[in-house]
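S.K.: Can you keep this structure in mind? I'll have questions shortly.
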Amino acid sequence: MVEKAWVGRLPAVKSKADLVYDSLRAAIAEGQLRPGERVNMDELARDFGVSKIPVREAVKRLESEGLLVARVHAGVTVAEVDVTEMRGVFLAREAIDVLVARLAAESADDKLLTRLEETQQAMRAALDEAALDRLPELNTDFHQALAGATGYRIFGELTEQLLMTIRRYRIVAPTDPVNWRAVIEEHDTIIEALRTGDPAAAAEAARAHTVSQARHEVESD
């Protein structure tokens, strides 16, 4: 039996369903559960040391988010992500990221700028060390920091959902080191606009970033 690094006995915090959900969602995001892979709920219950009830609850939540798919006679599988879907994701990202950057620029402070710079440093270090597996999470941290700066929770939720889809797509169509370098440079342009407190420049930098990544991810296919 293949060892699953993301499976373990659950600590007595949160509900069991929440913890199963968190573990499965992380496994999907990180590629430990790959698109198209079947999810055996009986096996999961044994691996986690819980009954089938919290597993079913977690699976239902992930189905509602479009991360798992349940089909009659086929069981539960990790949802596939195709190029057509990704085009829609990047269109949504362009709309959301432009607004997020504009709002963030209106209230950007030293705390936000420091957090963004630290994330950028961590991304550069990961790239220099060829630790590409660390970059998707750091990229999410960068964009979640921007979303959080708007003061609206909905932007954080939308950003998380869109970036999750992109991370899953990159499992089967990984981003190369050259493009990761471009991502970091595009982030620098956004930070500079925030530093000068220019909402229009921040919005344009965010738009250019999303368009550039859409071109790399889907238009080249």
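The values are calculated or read from the model by the stated rules, or taken from the named source; none is laboratory data. Predicted model only: the values in this text are computed from it and were never measured. Virtual Cβ from ideal backbone geometry, glycine too; neighbours counted across all protein chains shown.
S.K.: Looking at the stretch 1-30 only, could you name the residues that are crowded, with 18+ Cβ neighbours inside 10 Å and either at pLDDT below 85 or among the aliphatic types (A, V, I, L, M) (or both)?
M.R.: 7, 10, 17, 19, 20, 24, 27, 28, 29
S.K.: Please go through (1) acidic (Asp, Glu); (2) over 20 Å from residue 101 (Cα atoms); (3) more than 18 Å from the chain's Cα centre (by Cα) for residue 176 and return the number of the only condition it doesn't satisfy.
M.R.: (3)
S.K.: Which of the residues belonging to the stretch 19-38 are in contact with a Lys or Arg (Cβ under 7 Å, 6 or more places away or on another chain) and closer than 15 Å to residue 69 by Cα?
M.R.: 21, 28, 35 - these are the residues of the stretch 19-38 that are in contact with a Lys or Arg (Cβ under 7 Å, 6 or more places away or on another chain) and closer than 15 Å to residue 69 by Cα.
S.K.: Hey, could you check the stretch 88-126 for residues that are of a type in the set (S, T, N, Q) and within 21 Å of the chain's Cα centre (by Cα) and say which is nearest to residue 204 (Cα to Cα)?
M.R.: Filtering the stretch 88-126 down to residues of a type in the set (S, T, N, Q) leaves 107, 114, 119-121.
Pick out the ones that are also within 21 Å of the chain's Cα centre (by Cα) and you get 119-121.
Values: 119: 21, 120: 19, 121: 23 Å.
It comes out as 120.
S.K.: What residue, of 153, 170, 207, is basic (Lys, Arg) and more than 29 Å from residue 33 (Cβ to Cβ)? Break it down into steps so the answer makes sense when it comes.
M.R.: Working: 153 fails: more than 29 Å from residue 33 (Cβ to Cβ); 170 fails: more than 29 Å from residue 33 (Cβ to Cβ).
Matching residue, one of 153, 170, 207: 207.
S.K.: Does residue 130 qualify as being surrounded by fewer than 13 Cβ atoms within 10 Å (Cβ to Cβ), assigned to a loop (DSSP other than H, G, I, E, B) and either modelled with pLDDT of 90 or more or not charged (D, E, K, R) (or both)?
M.R.: Details: surrounded by fewer than 13 Cβ atoms within 10 Å (Cβ to Cβ): yes; assigned to a loop (DSSP other than H, G, I, E, B): yes; either modelled with pLDDT of 90 or more or not charged (D, E, K, R) (or both): yes.
When the stated conditions are applied, residue 130 passes them.
S.K.: Looking at the stretch 50-102, which of its residues are surrounded by fewer than 20 Cβ atoms within 10 Å (Cβ to Cβ), small (Gly, Ala, Ser) and assigned to a helix (DSSP H, G or I)?
M.R.: 64, 88, 92, 95
S.K.: Now for a separate question. Filter the stretch 141-157 down to the residues that are over 20 Å from residue 110 (Cα atoms), surrounded by fewer than 19 Cβ atoms within 10 Å (Cβ to Cβ) and in contact (Cβ under 8 Å) with a residue 24 or more places away in the chain and list them by number.
M.R.: If the condition is that a residue be over 20 Å from residue 110 (Cα atoms), surrounded by fewer than 19 Cβ atoms within 10 Å (Cβ to Cβ) and in contact (Cβ under 8 Å) with a residue 24 or more places away in the chain, then no residue fits.
S.K.: Residues 205, 173, 193, 200: which one is at pLDDT below 95, in the same structural domain as residue 133 (by TED's automatic domain parsing) and either more than 13 Å from residue 93 (Cβ to Cβ) or surrounded by fewer than 20 Cβ atoms within 10 Å (Cβ to Cβ) (or both)? Working first, answer last.
M.R.: Numbers: 205 fails: at pLDDT below 95; 193 fails: at pLDDT below 95; 200 fails: at pLDDT below 95.
The match here is 173.
S.K.: Now for a different question. Looking at the stretch 180-199, I want the residues that are closer than 12 Å to residue 213 by Cα and have a partner that is small (Gly, Ala, Ser) and assigned to a helix (DSSP H, G or I) with Cβ atoms under 8 Å, at least 6 apart or on another chain. Which pairs are those?
M.R.: The qualifying pairs are 182/212; 186/205; 186/208; 186/212.
S.K.: Condition test on residue 210, is it hydroxyl-bearing (Ser, Thr, Tyr), at pLDDT 95 or above, in contact with a helix residue (DSSP H, G or I) (Cβ under 6 Å, 6 or more places away or on another chain) and buried (at least 18 other Cβ atoms within 10 Å of the Cβ)? Reasoning before the result, please.
M.R.: Working: hydroxyl-bearing (Ser, Thr, Tyr): yes; at pLDDT 95 or above: yes; in contact with a helix residue (DSSP H, G or I) (Cβ under 6 Å, 6 or more places away or on another chain): yes; buried (at least 18 other Cβ atoms within 10 Å of the Cβ): yes.
Yes, satisfied.
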